[in-house]
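Each reported figure results from applying straightforward, stated rules to the coordinates on display, with no laboratory input. Not measured: the values here are computed from a predicted model. As a convention, Cβ positions derive from the backbone with ideal geometry for all residues, glycine included, and neighbour counts pool all protein chains shown.
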Amino acid sequence: MAIKTFIHHIGMLATPIGHSAHRGKEQADVQILKDAWTAVSEDGTILAVGTGAYPQEYDQAQNVIDAEGALVTPGLVDAHTHLIFGGWREHELALKLRGVAYLDILAQGGGILSTVRSTRAATEQELADKAGEALAMMLEMGTTTCEAKSGYGLTTEDELKMLRAIRDLQGKQPVDLVPTFLGAHALPEEYKDNREEYIRLLCEEMIPRVAEEHLAEFCDVFCETGVFTTEESRTILMAGKKYGLIPKIHADEIDPIGGTLVAGELPAISAEHLIRTRDEGIEAMAKGGTIACCLPATSFYLDADFARARDMITAGVPVAIATDFNPGSCPNLSLQLAMNLGCYKYRMTPEEVLTAVTLNAAAAIHRADTIGSVEAGKKADLVIWKADNLDFIFYRFGNNLVHQVIKNGEIVIDR
Ligand code: NIG
Ligand code: FE
């Protein structure tokens with residue numbers, strides 16, 4: 001088979017190995033190869049990985065990349081973002097500094113509802129252009145696959161517009177996108193006194209339309225005080241399931257009202273945030289095989305507690321880490337920052353965090369078969385770092401330590 005790309009002189013190749021999420025002690029099982037190389041076939045998948053001597057013909061590859069002794073990891077997978085939105089919300093910073101709570105801003109018609117107004121006012125093209133700029137920055141920082149949620153439209157047409165903007169960006173730039181329908185992100189103002197009707201609209205109109213146009217793979221709900229209850233969340237996620245949308249849930253972000261119990265029971269592929277998750281929520285996720293998608297940069301920005309990621313690992317819940325990029329609770333695109341915080345605040349080891357942003361993140365978006373590790377048969381999505389060992393990229397923070405990003409075996413970022 002013809003070799004498209006051959007990368008050699010890798011000082012350290014650090015990667016989890018496998019096709020499903022790693023839990024418990026396995027979360028720290030990272031294969032470390034020194035003096036490694038990898039060959040990528042014409043179709044952009046990894047053909048072979050090895051150390052030391054390599055078959056001579058690999059030198060004849062179309063592209064030969066000398067990693068110059070650097071650290072190489074899988075491309076980073078951001079499993080939770082609100083990538084598509086109109087406007088920003090920098091005016092909320094002053095409110096936050098004065099101590100106004102996140103849910104109070106929302107209850108006063110600001111927060112998510114303010115982004116809903118700017119998103120409704122934007123065209124599909126404007127939304128795609130804005131998200132394209134964000135994706136370019138994410139790629140620079142090592143993200144090669146990104147989940148993207150709707151949820152700032154909250155009418156059928158505006159939700160479809162957001163999901164179509166995600167579809168527009170697919171293939172037009174290097175980052176692979178994975179779409180999630182989050183019509184249950186907030187109760188729109190026009191349904192303030194008629195929540196049953198909005199839930200009916202979600203279940204009977206929006207979800208069927210999203211499924212019919214194949215615009216999303218997952219259905220998500222913001223299960224939270226003043227937003228959607230556990231019963232409503234269950235109803236909406238069950239409706240999604242009926243139409244082939246895999247359940248995800250924003251649970252225990254501000255108040256532990258039981259979203260993780262719903263997650264374990266359905267089961268949801270992942271439960272997200274988990275800032276306030278208690279023992280019974282951890283047990284429910286362990287029982288349901290739900291992946292805990294923790295978002296430490298959101299805790300940092302909201303000045304909230306940090307999820308009990310260590311306890312989740314001990315209980316056998318696979319932990320993923322994502323950015324939660326959004327204009328309100330986490331205007332940050334850097335998965336590297338989330339990785340640093342995962343290490344410093346969750347007290348996860350560099351190996352555990354690496355698994356959290358690669359293989360486990362891939363599993364949280366149902367992609368563990370094709371991405372999330374550097375091994376034969378997976379897509380050749382890799383990061384070559386400005387570092388020669390894994391600890392270094394966790395020890396340094398506040399800098400972009402990416403040297404090169406390889407997508408499907410081709411250099412897409414070189415800095
Ligand atoms: O994941 N929690 C709900 N949704 C987002 C915040 C959205 C916003 O504030 O615009 C989150 O934190
Ligand atoms: Fe979120």
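Select from Ala286, Pro55, Trp88 the residue farthest towards the positive end of the dipole of the chain; place +1 on Cβ of Lys and Arg, -1 on Cβ of Asp and Glu, and compute about the Cα centre.
Ala286
Leu97 versus Ala376, label points 7 Å from Cα toward the beta carbon: distance in nm?
So the two model labels end up 5.8 nm from each other.
Can you give me the angle between helix 230-242 and the longest principal axis of the chain, using Cα atoms only, in degrees from 0 to 90, rounded to the nearest 10?
Tilt of helix 230-242: around 60 degrees.
According to the square roots a ≥ b ≥ c of the eigenvalues of the Cα gyration tensor, what is the shape class of region 301-395, taking rounded for a/c under 1.5, prolate for a/b larger than b/c otherwise, and oblate for the remainder?
Judged from the Cα gyration tensor, region 301-395 comes out rounded (a/c under 1.5).
So for Val227, Val383, fewest C-beta neighbours within 10 Å to most, what's the order?
Neighbour counts put them in this order, fewest first: Val227, Val383.
Suppose R0 equals 35 Å; then what is the FRET efficiency for Lys287 and Asp29 from their Cβ-Cβ distance, rounded to the nearest 0.05?
Efficiency for this residue pair is about 0.95.
For the chain, which longest stretch is free of loop sites, where a loop site is one of the GluC sites (Glu not before Pro) that DSSP puts outside H, G, I, E and B and that has at most 16 other Cβ atoms within 10 Å?
For GluC sites (Glu not before Pro) (loop position, at most 16 other Cβ atoms within 10 Å), the longest site-free span of the chain is 214-415.
Taking only the Cα atoms of region 367-415, how large is their convex hull per residue, in Å³?
In region 367-415, the Cα convex hull volume per residue is 96 Å³.
If a/c stays under 1.5 just call it rounded; otherwise compare a/b with b/c (prolate if a/b is bigger, oblate if not). Do that for region 227-311, with a ≥ b ≥ c from the square roots of the Cα gyration tensor eigenvalues.
The shape class here is prolate.
Can you pull the one-decimal nm distance between simple spin-label points at Asp129 and Ser20, each 7 Å off the Cα toward Cβ?
If labels sit at Asp129 and Ser20, their model points lie 4.7 nm apart.
Taking every DSSP beta bridge with both residues inside the chain, roughly what % is antiparallel (nearest 5)?
45
Fewest Cβ neighbours within 10 Å first, please rank Lys172, Lys386 accordingly.
Least crowded to most crowded, the residues run Lys172, Lys386.
Would you work out which of Cys223, Leu135, Met339 lies farthest towards the positive end of the dipole of region 77-364? Charges go on Cβ: Lys and Arg +1, Asp and Glu -1.
In region 77-364, that residue is Met339.
Can you tell me what the convex hull of the Cα atoms of the chain projects to on average, as an area in nm²?
Here the figure is 18.4 nm², rounded to one decimal.
Which whole-number percentage describes the relative contact order of the chain, with Cα contacts under 8 Å and a sequence gap of 6 or more?
22
Could you sort out which of Lys172/Lys379; Lys172/Lys386; Lys4/Lys407; Lys25/Lys149; Lys149/Lys242; Lys25/Lys407 sit more than 22 Å apart by Cα distance in this structure?
Lys172/Lys386; Lys25/Lys149; Lys25/Lys407
Report the label-to-label distance for Gln108 and Thr225 in nanometres (one decimal), using points 7 Å from each Cα along the Cα→Cβ vector.
A separation of 1.7 nm, rounded to one decimal place.
Using only Cα atoms and rounding to the nearest 10 degrees, what angle (0 to 90) does helix 112-121 make with the longest principal axis of the chain?
Here the helix axis deviates by roughly 80 degrees.
Hey, what angle do you get for helix 279-288 against the long axis of the chain, alpha-carbon based, 0 to 90 degrees rounded to 10?
60
Which of His403, His185, His80, His366 has the fewest other C-beta atoms within 10 Å, and how do the rest follow up to the most?
Placing the least packed residue first, the sequence is His366, His403, His185, His80.
Please sort by residue number the chymotrypsin sites (Phe, Trp or Tyr not before Pro) in region 316-415 whose DSSP state is loop and whose Cβ has at most 10 other Cβ atoms within 10 Å.
none
Using a Gaussian network for the chain with springs between C-alpha atoms less than 10 Å apart, which of these wobbles most: Ala53, Ala136, Ala362?
Largest GNM mean-square fluctuation: Ala53.
Any idea what the dipole of the chain comes to, in debye rounded to 20, about its Cα centre with Lys/Arg Cβ at +1 and Asp/Glu Cβ at -1?
So the dipole magnitude of the chain works out to roughly 400 debye.
To the nearest 20 Debye, how big is the dipole of region 318-415 about its Cα centre, given +1 on the beta carbon of each Lys and Arg and -1 on that of each Asp and Glu?
It works out to roughly 200 debye.
For region 136-271, what is the convex hull volume of its Cα atoms per residue in Å³?
Per residue, the Cα convex hull of region 136-271 comes to 111 Å³.
As a test of understanding, state the convex hull volume per residue of region 1-152 from its alpha carbons, in Å³.
184
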